[in-house]
Amino acid sequence: MTNSSRAKGKCSIKIMPSVSWPKLVPYDKLISYIKKIDFNENIIDMAPEFCLGLLNGEEANGTYRELEEFGLKLAEMFIVIDQALGSKSFFNHLGSDKYHFRLAIGADGAPFGKDDEATAWLISCLNVASHIASPNQNFLIAGANCSETHVCMQRVEIRESEVAKLKIACQNFFNANSLLLRVSPTVWTIGYAIPYHGQILYEKYGLGLGLNSMQGREAKRVKLSQYARHSTHSTRWRLVLRHDL
């Protein structure tokens, strides 16, 4: 606001004739407005479902999307893009039936940088070919304030009989390598460490250990960090998922 030399009182600052200087919006009002927007998205808190029965120190704040629901949305989006681009489309059917989608899921153990313990799970469509290297073709499906080795990040349903089968399969793998090839640290780990660790997890949590498909998402980290820049630590994943689509 400035004083007018021609009139008493105050008048607004003008960038150019008839164009006023934009007003600053307080952050709390901006976030309140964003939260009211209906994105037609079902973003779910992770703790009530994946942290039940865990100690207080083992609980993790995070959110996720239903994979099937989100996967169908992605498929619909790529079909529309492919049909709109026509002969210039980058969509590759990879020798399969038309619109037979192939998806890859990977975890990023440091989405906000190596000094901030968090884990993000991302999904990408292999049918986009070289475009998969772009952060715009990797979509966030889950994130939590914990390491990628946390039990809620790697849990799978399992039965005691399956733990026994795992032990037998790993032992057979080790024996075959011992007789026909050679035993390396990796072979020993598969033969003894994995079934032993799996047994401990089953006895402690009643769950199995999911082997992660680790994929680098370096470019995606920049975008996720920008989305979470002005959020609180405990609520940042809900804000990030609302932005990332």
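Can you tell me which residue in the stretch 63-102 is farthest from Q137 (Cα to Cα), limited to those that are of a type in the set (K, R) and in a helix (DSSP H, G or I)?
K88
Which residue is modelled with the lowest pLDDT, if the candidates are limited to the stretch 48-62 and must be part of a helix (DSSP H, G or I) and of a type in the set (D, E)?
It comes out as E58.
Restricting to the stretch 146-162, and then to whatever is crowded, with 16+ Cβ neighbours inside 10 Å and touching a Gly at 6+ places or on another chain (Cβ under 6 Å), can you tell me which residue is modelled with the lowest pLDDT?
Q154
Tell me whether the stretch 125-145 contains one or more residues that are in a helix (DSSP H, G or I), surrounded by 18 or more Cβ atoms within 10 Å (Cβ to Cβ), at pLDDT 85 or above and not charged (D, E, K, R).
no
Say we look at the stretch 68-80 and pick out the residues that are of a type in the set (A, V, I, L, M, F, W, C) and surrounded by 13 or more Cβ atoms within 10 Å (Cβ to Cβ); which of these is farthest from the chain's Cα centre (by Cα)?
Once the filter is applied, the top-ranked residue is I79.
Given (1) hydrophobic (A, V, I, L, M, F, W, C); (2) surrounded by 14 or more Cβ atoms within 10 Å (Cβ to Cβ); (3) at pLDDT 80 or above, where does L179 come up short, assuming only one miss?
Exception for L179: condition (2).
The values are calculated or read from the model by the stated rules, or taken from the named source; none is laboratory data. These figures come from a predicted structure and were not determined experimentally. Neighbour counts run over all protein chains shown; Cβ positions are idealised from the backbone, glycine included.
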